[in-house]
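Please read the structure below before turning to the comments.
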Amino acid sequence: VQLVESGGGLVQAGGSLRLSCAASGSIFSIVAMGWYRQAPGKQRELVASITSGGRTNYADSVKGRFTISRDNAKITTVLQMNNLNAEDTAVYSCWMRSGSTNYWGRGTQVTVSS
């Protein structure tokens, strides 16, 4: 199973970025997909997740600014990030839970300049 992220980069504060993640391989019983992030010197944190039924969950710090969506047929998830600020700077990693197994992408850097 492989998760490949795209869409990271450098953006000014107040700007937007769109992250995409595509899963491939022998995938069964997807429970949820989502995004984690880790900033330098900080613990990894869950940013947003979405279940196979469409239920979403967001970190308090991104509520109202980030939106997660997924395409079950294509096994992709998208994180739309608006009104970005410097505190959003981190490596963002795609995550997928299939059955009882967690899978991770390699991550994509998001840098917000103030």
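The values are calculated or read from the model by the stated rules, or taken from the named source; none is laboratory data. Quick caveat: nothing in here was measured; it's all calculated off a predicted structure. Counting neighbours? That spans all protein chains shown, and the Cβs are built from the backbone with ideal geometry, glycine included. Ligands, DNA and RNA are stripped out before the accessible areas are found, and what is left, the full protein with its side chains, is counted by its heavy atoms. Shrake-Rupley method; radii C 1.70, N 1.55, O 1.52, S 1.80 Å.
Among the residues of this structure, Thr108 counts as one that is of a type outside the set (D, E, K, R), touching a Leu at 6+ places or on another chain (Cβ under 8 Å) and open to solvent by less than 50 Å² (accessible area, probe 1.4 Å). Within region 82-105, the set of residues being within 16 Å of Glu45 (Cα to Cα) and open to solvent by less than 10 Å² (accessible area, probe 1.4 Å) comprises Asp88, Ala90, Tyr92, Cys94, Met96.
Residue-level analysis places Thr77 among those that are on the phi < 0 side of the Ramachandran plot and surrounded by 20 or more Cβ atoms within 10 Å (Cβ to Cβ).
For region 52-71, the condition of being among the hydroxyl-bearing types (Ser, Thr, Tyr) and at pLDDT below 95 holds for at least one residue.
Table: residues versus (1) free of Cβ contacts under 8 Å to residues at least 40 places away in the same chain; (2) open to solvent by less than 30 Å² (accessible area, probe 1.4 Å).
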{"site": "Leu3", "(1), (2)": "no, yes"}
{"site": "Ser16", "(1), (2)": "no, no"}
{"site": "Ala32", "(1), (2)": "no, yes"}
{"site": "Ala39", "(1), (2)": "no, yes"}
{"site": "Gly53", "(1), (2)": "yes, no"}
{"site": "Asn57", "(1), (2)": "yes, no"}
{"site": "Asp60", "(1), (2)": "yes, no"}
